[in-house]
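Heads up, the thing below is written out as structure tokens.
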Amino acid sequence: MITFTPLSGAARASKTTPLCYLLQIDDVRILIDCGSPDWNPEPSPFEPSEETQEQAPWTEYCDAVQKVAPTVDLILLSHGDLAHCGLYPWAHARWGLKAPAYTTLPVQAMGRIAVTEDVEGIRDEEDIGDEPTEKPDGNDTQEQVEVSRETPPPGKNPKGKCIPTVIEVQDAFDSMNTLRYSQPTHLQGKCQGLTITPFNAGHTLGGTIWKVRSPSSGTIIYAVNVNHMRERHLDGTVLIRQAAGGIFEPLARPDLLITDADRASVITSRRKDRDAALIDTITSTLSSRSSLLLPCDSSTRILELLVLLDQHWNFSRLRYPICLLSRTSREMLTFVRSMMEWLGGTISKEDVGEEGTNSRQNKRRRDEDADDDALGAFALRFKHLEFFPNPQALLQTYSSKDPKLILAVPASLSHGPSRHMFSDFAAVSDNVILLTGRGEEGTLARALFDKWNSSQRPEDRWDSGKIGRNVMLEGTIKLTMNRKVPLSGLELELYQQKERAAREKEAAHQAQLARNQRMLEADEDDSDSDSDSESDDEAEVRDALGGDSTDTMRDDAGEGGERGKKSERGVDNTDWYDGDEGLTKQLLSFDIYLKGNVSKSTSFFKSTGQSQRFRMFPYVEKKRKVDDYGETIDVGMWLRKGKALEEEAESEEMKDYKRRALAEEDVKKAIKETPSKYITNEVEIQLACRLLFIDMEGLNDGRAVKTIVPQIIVHAPSDATDALIESCRNIRSMTKGIFAPQVGESIQIGQQTNSFSINITDELLAALKISRFEDNEIAYVRGRVSAHATSTIPSLEPVSSIPVQADPASHPQAQGQRMLGSRPQVPVPQSTMIGELKLTALKSRLASVGVQAELIGEGVLICGTSGKGSSDALGGSVAVRKLAKGKIELEGSVSEVYYIVRREIYNLHALVAA
């Protein structure tokens, strides 16, 4: 039985992101995708503000993931953006989501880049509160200084935001298992019996359609955010292929299909028109000495934009800079260049990154430089692209008046460089803010998109297949800006005083620890010496009996000098006092050994107060240096060997993790961060720029979505869900089981199917006529089910006595109907042929047995038509036609060729006799 539960991104939901679903097959729980919401939601600045919510909008979603995380047995990630894998590092590190995770290599790399960029951007502007920090107090009314002194328990933080550390992100993505496209993987352990296979989904680099095969529940296809169109850097999805006759055969006829309907009611404009509008807007704006701001993501859809811009810059020979504001952009392009085999579309080493219009020159350059002959050496080398980690670095290189194209992350405009650039960009007239995606609900990007879409005519809106026009933004809006600023003035002095006091306190604490350690070492029993020579033993005896009378000793209260060598102590760790006074520290010298600190007068014959113990002739026992078997014990050797074994036991991943952690600690120690604080202020912006939206999300529109046969619809608003369901109901051959579950609603599929286990006895198994078909063995079974007291599983036994049909001649009413010489009717056994005939395979088999065949089109194969060869000796010709699925017609004269062709057709099928 299959149970499907959306944790987020359900159908008929006002907010369709992030995506996270729980799929349970029998007793195996599979978590498909684990996206993160936008952690800085805000109401639209263009509409009256509504009442603030008492709790964060992601609280219910995070609680649901935290609840199911320890029980998950398998994790599948489909795309490398925040909406599909953003929450996985936090759940892996804090919520116990330790189940095996599978994805493709590009999704692993792009997901790591996307989450790292998001984490660093948020932590650079806000004090998350999950790390011990110390900030001075400020009294500025316009600034809010956030102070966090204690580390919250795992899985919690003061603001409720699940922002992992960079180390947690690296550790989580390193633990993933990577697969290739069309690589079936047979799982083990609790998931034994399941087979998972990834297929190309388009939309993002490494985007995956997951096929899960279960022996009890059939085939399950998970296909969300797919794109059937070929792009510049990616091929279209394999789910819909015109060359393959529509649906890709390995993905055809699944038992359950899970797909999205987010764009079911959308008509996307032609790619040619969208590219032309984007290029024309950029060229005209730069020619008028103005600049453009293009918010984008950090790892996935930005590649399509970079390839398009680079080709246009090379073709038009533009000299305006393309500025990319991102911390991880260089690392991202390095990863992409190492994964050229995953790219597709129209991209190649000749037309991207190195003067794309002159392929001959590039080929000659590669031939001359043999060292750079590797794949990707010249691809994606965007010579017009410049990288900047923050807006301050950009302003240091280019003035705000210089025309330039700025690509800034993130695309949501909720934080980071894109938000800070928007606050400066929006107030300059003739500047253009170019949106390529709608953005998530509750973000500034979605508010700008809604503002643009509402300003369009009904026939020019984005879902009508038209491009639309740019609009002029007017009025003022208020935005909340978070920043991290260095301390100055009184705050810096207070911070330095606290730092100085903390250092002094730490130094005093360390000194106290060192003093206590010295006292402990001084109080240790010196009788555990490793010396084995007789002279050392005699020296210890002399030291115990007195030693040098000029040495001083420390009293019990810790006053006086520090205890020195062995000669200053007795064997039993005792001090020697004067028996008469009890106050002096003069060392006594007797021929006998006194144990204990004697504070009262004592003598050899009697003592006052508590009786004392005496021991004659002090003796120091020698230590054994060999074990019971006479072998010398080398403690150092065992310590070294144990350390070597521990190092060998460590995996390569742990070594890399420790090496990376040590490297980061060294960097932190080498470069001390300037004392700073987090501030939050509200900025009022006077809008004067232009706004334009061009759809570059790379997703299917409604026409393509309705071509797919869905059974469970997710990730869709109400109108799109209803449109797709209505379209599917109009198809006669369509299944009636179409579901659109809401968040937290569990859909059970296959609960009416009953599965039973049964044993086949050896007698019945020996009587079966088994036919082989591909990798399977098939036979028709007829028997009787019997239960045994010794087993809980029933057995299938051969029928011992089959009731024979009564002879019609013995029936009194049939005597007059029987013809003279007729025989009783006996039921003729029926047989079934299993398999699908492929004419190309039949042609190959006939050629191997000496019969030549030729395909003449329209599903017809003519056999024995050649005038030469062995087919003439056989005589005749036969035509094999495929009339419909499962129906074959063999037409020809009765000849040897006819029987040979029929025999080979039988051999291509499994014949099962009933």
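Scanning the stretch 404-418 for residues that are β-branched (Val, Ile, Thr) and part of a loop (DSSP other than H, G, I, E, B) yields one hit, Val409. For the stretch 9-43, a residue qualifies if it is under 19 Å from Ala101 (Cα atoms) and not in a loop (DSSP other than H, G, I, E, B), and the qualifying residues are Cys20, Tyr21, Leu22, Leu23, Gln24, Ile25, Val28, Arg29, Ile30, Leu31, Ile32.
Only one residue in Ala879, Ala914 is surrounded by 15 or more Cβ atoms within 10 Å (Cβ to Cβ) and either at pLDDT below 80 or of a type in the set (A, V, I, L, M) (or both), so which one is that?
Details: Ala914 fails: surrounded by 15 or more Cβ atoms within 10 Å (Cβ to Cβ).
Ala879 is the lone residue from the list that is surrounded by 15 or more Cβ atoms within 10 Å (Cβ to Cβ) and either at pLDDT below 80 or of a type in the set (A, V, I, L, M) (or both).
Within the stretch 837-864, the set of residues being assigned to a loop (DSSP other than H, G, I, E, B) and touching a helix residue (DSSP H, G or I) at 6+ places or on another chain (Cβ under 8 Å) comprises Leu837, Val849, Gly850, Val851, Gln852, Gly859, Gly864.
Could you tell me which residue of the stretch 442-477 is modelled with the highest pLDDT, considering only residues that are over 27 Å from Ala13 (Cβ atoms) and of a type in the set (Asp, Glu)? This residue is Glu474.
Just one of (1) touching a strand residue (DSSP E or B) at 6+ places or on another chain (Cβ under 8 Å); (2) within 30 Å of Glu459 (Cβ to Cβ); (3) of a type outside the set (Gly, Ala, Ser) trips up Ile302, so point out which. Unmet for Ile302, out of (1) touching a strand residue (DSSP E or B) at 6+ places or on another chain (Cβ under 8 Å); (2) within 30 Å of Glu459 (Cβ to Cβ); (3) of a type outside the set (Gly, Ala, Ser): (2). Scanning the stretch 295-314 for residues that are touching a helix residue (DSSP H, G or I) at 6+ places or on another chain (Cβ under 7 Å) and either in a helix (DSSP H, G or I) or of a type in the set (A, V, I, L, M) (or both) returns Leu303, Leu308, His312. So, in the stretch 41-60, of the ones that are in contact with a Gly (Cβ under 9 Å, 6 or more places away or on another chain) and polar (S, T, N, Q), which residue ends up surrounded by the most Cβ atoms within 10 Å (Cβ to Cβ)? Here the residue is Ser44. Evaluation of Val826 against the conditions (1) surrounded by 13 or more Cβ atoms within 10 Å (Cβ to Cβ); (2) at pLDDT below 75; (3) not hydroxyl-bearing (Ser, Thr, Tyr) shows that the sole unmet condition is (1). Restricting Asp127, Asp26, Asp73, Asp63 to residues that are assigned by TED's automatic domain parsing to the domain that holds Val212, surrounded by fewer than 24 Cβ atoms within 10 Å (Cβ to Cβ) and touching a Phe, Trp or Tyr at 6+ places or on another chain (Cβ under 6 Å) narrows the list to Asp127. The set of residues from the stretch 153-170 being modelled with pLDDT of 90 or more, in a loop (DSSP other than H, G, I, E, B) and out of contact with any Pro (no Cβ under 6 Å at 6 or more places or on another chain) comprises Cys162, Ile163, Thr165.
Residue by residue through the stretch 458-504, note down the ones that are farther than 30 Å from Arg274 by Cβ and assigned to a loop (DSSP other than H, G, I, E, B). Leu487, Ser488 - these are the residues of the stretch 458-504 that are farther than 30 Å from Arg274 by Cβ and assigned to a loop (DSSP other than H, G, I, E, B).
Residues checked against (1) crowded, with 21+ Cβ neighbours inside 10 Å; (2) closer than 30 Å to Ile694 by Cβ; (3) small (Gly, Ala, Ser):
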position	(1), (2), (3)
Glu168	no, no, no
Met176	yes, no, no
Leu187	no, no, no
Leu194	yes, no, no
Asn200	yes, yes, no
Arg213	no, no, no
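Go through the residues of the stretch 57-75 one by one and say whether even a single one is within 30 Å of Trp452 (Cβ to Cβ) and not in a helix (DSSP H, G or I). Yes, there is a match, as at least one residue in the stretch 57-75 is within 30 Å of Trp452 (Cβ to Cβ) and not in a helix (DSSP H, G or I). Among the residues making up the stretch 256-285, those that are assigned to a helix (DSSP H, G or I) and either under 17 Å from Gly698 (Cα atoms) or free of Cβ contacts under 8 Å to residues at least 60 places away in the same chain (or both) are Arg271, Lys272, Asp273, Arg274, Asp275, Ala276, Ala277, Leu278, Ile279, Asp280, Thr283, Ser284.
Rundown of residues vs (1) in a strand (DSSP E or B); (2) surrounded by 10 or more Cβ atoms within 10 Å (Cβ to Cβ); (3) among the aliphatic types (A, V, I, L, M); (4) modelled with pLDDT of 90 or more, yes/no style:
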residue	(1), (2), (3), (4)
Lys655	no, yes, no, no
Val667	no, no, yes, no
Glu673	no, no, no, no
Ala688	no, yes, yes, yes
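Look at (1) assigned to a loop (DSSP other than H, G, I, E, B); (2) in contact with a His (Cβ under 9 Å, 6 or more places away or on another chain) and you find that Ser216 fails only one, number (2).
Here the condition is being surrounded by 14 or more Cβ atoms within 10 Å (Cβ to Cβ), at pLDDT 85 or above and either more than 30 Å from Ala411 (Cβ to Cβ) or not assigned by TED's automatic domain parsing to the domain that holds Thr237 (or both); of Ser746, Ser771, Ser795, Ser786, it holds for Ser795 alone. Scoring Gly35 on the criteria (1) small (Gly, Ala, Ser); (2) at pLDDT below 90; (3) in contact with a strand residue (DSSP E or B) (Cβ under 8 Å, 6 or more places away or on another chain) leaves a single failure, condition (2).
The values are calculated or read from the model by the stated rules, or taken from the named source; none is laboratory data. Because the structure is predicted, anything quoted here is derived from the model rather than measured. Please note: Cβ atoms are built from the backbone with ideal geometry, for glycine as well, and neighbour counts cover all protein chains shown.
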